[in-house]
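The values are calculated or read from the model by the stated rules, or taken from the named source; none is laboratory data. Given the structure is predicted, the values throughout are model-derived calculations rather than measurements. Positions of Cβ are generated from backbone atoms using ideal geometry, with glycine treated the same way; all protein chains shown enter the neighbour counts.
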Amino acid sequence: MDLIRLEQALKSGNQNEASSAISEASRHNNEEVVIMLIEHLRNTDNKILRNEIAIALSDIRNPMAVEPIIELLMNPKTLGNRGSLLYALRPFDYSSHLELLVDFMINGSFEVRYESKNLLQPFAN
């Protein structure tokens, strides 16, 4: 994975270029790629880009992604755009954040409640 190309694409403001680079990055379980994606996940205000990065991190399945995704779920800037972030948690161990998921299941939008319910399902038994 070309880290310089990924960095340039993420900073470019060109959605198509960024999406292409993120898609390519999702095929590499490289710690440098993961760190770069997490940095941009935390810092971008572009909700489409943020969702694409979260899904790419989910596809990579590196556990370093869990806490940044949880932080964003609690950040007011993601209000109204949390469904994809919740979906991105599926392959990870998020068991230390069940209270947050219960709160989202009670107080979230339809999509947030749906995704929270799916995440909580394995713990219902």
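Annotations
- Condition met for LEU57 (surrounded by 18 or more Cβ atoms within 10 Å (Cβ to Cβ) and at pLDDT 95 or above): yes
- Applying the criterion of being within 14 Å of the chain's Cα centre (by Cα) and of a type in the set (S, T, N, Q) to the residues of region 69-115, the residue that is nearest to LEU37 (Cα to Cα) is SER84.
- Among the criteria (1) outside any helix (DSSP H, G or I); (2) crowded, with 19+ Cβ neighbours inside 10 Å; (3) not aliphatic (A, V, I, L, M), the one GLU52 does not fulfil is (1).
- Residue within region 24-43 that is at pLDDT 95 or above, within 23 Å of GLY108 (Cβ to Cβ) and of a type in the set (D, E, K, R) present: yes
- For region 69-85, a residue qualifies if it is in contact with a Ser or Thr (Cβ under 9 Å, 6 or more places away or on another chain) and among the charged types (D, E, K, R), and exactly one does: ARG82.
- Residue tally, condition more than 15 Å from ILE69 (Cβ to Cβ) and in a helix (DSSP H, G or I), over region 102-117: 10
- Under the condition of being in a helix (DSSP H, G or I) and among the basic types (Lys, Arg), the residues counted in region 61-101 number 1.
- When region 1-26 is limited to residues that are touching a residue at least 12 places away in the same chain (Cβ under 8 Å) and in a loop (DSSP other than H, G, I, E, B), the one that is farthest from GLY80 (Cα to Cα) turns out to be MET1.
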